[in-house]
Amino acid sequence: MMKKLLSMFALVAMLGFGFTGNALAEDAAPAAETAVAVEAAPAAAPAEAAPAVAAAAAPVPNKGDTAWMLIATVLVTLMVIPGLALFYGGLVRQKNMLSVLMQVFMIFSLMGVLWALYGYSVAFTGGGPFFGGLSKAFLAGVTPESVAATFSKGVYIPELVFVAFQLTFAAITPALIIGAFAERMKFSAILAFMVLWFTFAYLPLAHMVWYWDGPDAITDAASLNTVLANAGWLWAKGALDFAGGTVVHINAGVAGLVGAFMVGKRIGYGKEAMTPHSLTLTMVGAALLWVGWFGFNAGSNLEANGYAALALVNTMIATGAAALSWSFSEWLLKGKPSMLGAASGAVAGLVAITPACGFVGPMGAIVIGLLVSPICYFFVAKVKYMLGYDDALDVFGIHAIGGIFGALATGVFVNPALGGAGVIDYVANGVAAYDFAAQMTAQVYAVVTAIVLSAVVSFIAFKIVDVLIGLRVSEESEREGLDTSEHGERAYHS
């Protein structure tokens, strides 16, 4: 098992180490005035400097931006419950439908509570390059009056809105993992693993990629150096991740691969038919994911402006290109395009455009969508069987591989010469000069860090849970189905 796992990570690492150069450290992202940070920013023009007297006054959140972010938060919630739940639920066998719905529903609930207790503070306060602090544990000091900054200097939204928006990211990421070991893991073991993984994999990576002091903290070269010293490790290196290619998709996909190896194959895998019980529900779930993803990607801009529109358009067309690309690849190789293939391609496109959506131009988005599907299809249709792991719902093949490709492609297509938006330079109040080697080095740093962190934390967490609880249900329970053996219910009664 370990040889296969190490072989897989070696193969994935080859995707990331194809580029070298120096790290670019001039990218920027929004943050709360009280040291709360978020995604790396597109090249939006900063607001004009306010008079000194006005600068001393408490910032007033923009109502339009606030309304948009409330909607975006609801859209991301829609992605998880019911979107992801139905997408995954339709892909498993009928006897395990409710178990998947229950796992997604309860993980979303659990992560939301943990986010409020300590997750938000660890991810989005100062403390160090790898972890934040506990100054906002239990949401201490977060009130209706406190604010979080957006991409533009002097522009804010209520901090509570930012807390809720980032909560949905923290909730969907662990929920993605369960598809890799669907139909055979104990419900109690899943919940215990998620607490450990959320704490030691998701929160540190979110802090490393997205935390910094905010645009208003940068006024000159000296202040930029101070911001870099206080920022998350990967943000300071210049890694670009607009909405979660590393933090969400690579992170979850690698954890899924480790879980597939450590939990083991389903009984009868490779010998018995394990076809999806309802591709109708899978299509509905995929459509809800697509709709909700507009909140995920365009919402990550934190402002209702042209860059939110850019992220929305890129999300739309990259996903369409990926669905077409997967379907035509399948048509060419298998003779028939399938609904499952179209849905898988759409998700691959959504994953790949996530880190790039606010940085690349529409034509770059189409190229990303067209290229990601054949790559993911190869891993799903070939590599999985070559290495013999049972990733039931292809979490690694789509999320990790799509996330890796998207993160690297971001470094290429952010180039203004290729239609990209470029990276904002808050000192010069313009777009920084593009350096391919420097930007790609930063992207590789982020990809490799996400792979290693998630793999190590996942392995240790699965081991701990296995010792304390045990990972798998009994053979009798697995054959009966987790709906009845774990939850005492059935999805269907006719």
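Tabulated values for the structure
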{"read-out": "Exposure proxy ranking, count of Cβ atoms within 10 Å, fewest first, for I353, I177, I81", "value": "I81, I177, I353"}
{"read-out": "Candidates per chymotrypsin sites (Phe, Trp or Tyr not before Pro) in the range 156-259, loop by DSSP, up to 15 other Cβ within 10 Å", "value": "none"}
{"read-out": "DSSP loop trypsin sites (Lys or Arg not before Pro) with at most 14 other Cβ within 10 Å excluded, longest remaining stretch of the chain", "value": "1-270"}
{"read-out": "Kirkwood hydrodynamic radius of the range 57-151, Cα pairs, Å", "value": "16.0"}
{"read-out": "Dipole magnitude of the chain about its Cα centre (Cβ charges: Lys, Arg +1; Asp, Glu -1), debye to nearest 20", "value": "1460"}
{"read-out": "Those lysines that a straight Cα-Cα span of less than 24 Å connects to K136, excepting residues fewer than 8 apart in one chain", "value": "K153"}
{"read-out": "Hits among lysines - C-alpha to C-alpha of K271 under 20 Å, sequence gap 8 or more where chains match", "value": "K95, K382, K384"}
{"read-out": "Radius of gyration and Dmax over the Cα atoms of the range 105-221, both given in Å", "value": "15.7, 56"}
{"read-out": "Whether the range 170-269 is rounded, prolate or oblate, judged on the alpha carbon gyration tensor where a/c under 1.5 counts as rounded", "value": "prolate"}
{"read-out": "Cα-derived Rg to Rh of the chain, Kirkwood definition", "value": "0.97"}
{"read-out": "Distance between the range 97-125 and the range 194-266 - C-alpha centres, whole angstrom", "value": "17"}
{"read-out": "Distance between the range 318-378 and the range 422-464 - C-alpha centres, whole angstrom", "value": "23"}
{"read-out": "Options L387, L332, G397, ranked by Cα towards positive dipole end of the range 317-423, top entry (Cβ charges)", "value": "L332"}
{"read-out": "Charge-dipole axis of the range 80-234 as Lys and Arg at +1 and Asp and Glu at -1 on Cβ define it, positive-most pick from F151, S109, N96", "value": "N96"}
{"read-out": "The chain: DSSP helices with Cα axial extent of at least 24 Å and average Kyte-Doolittle hydropathy no lower than 1.6", "value": "97-114, 159-177, 362-378, 436-468"}
{"read-out": "Residues whose placed amide H lies under 5 Å from that of V431, excluding near-sequence neighbours", "value": "D425"}
{"read-out": "Estimated dipole of the range 187-278 in Debye, rounded to 20 [Cβ of Lys and Arg +1, of Asp and Glu -1, Cα centre]", "value": "620"}
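Only the coordinates and a few stated rules stand behind these numbers; no lab work does. Here the structure is a predicted model, which is why all the values come from computation and not from measurement. Please note: Cβ atoms are built from the backbone with ideal geometry, for glycine as well, and neighbour counts cover all protein chains shown.
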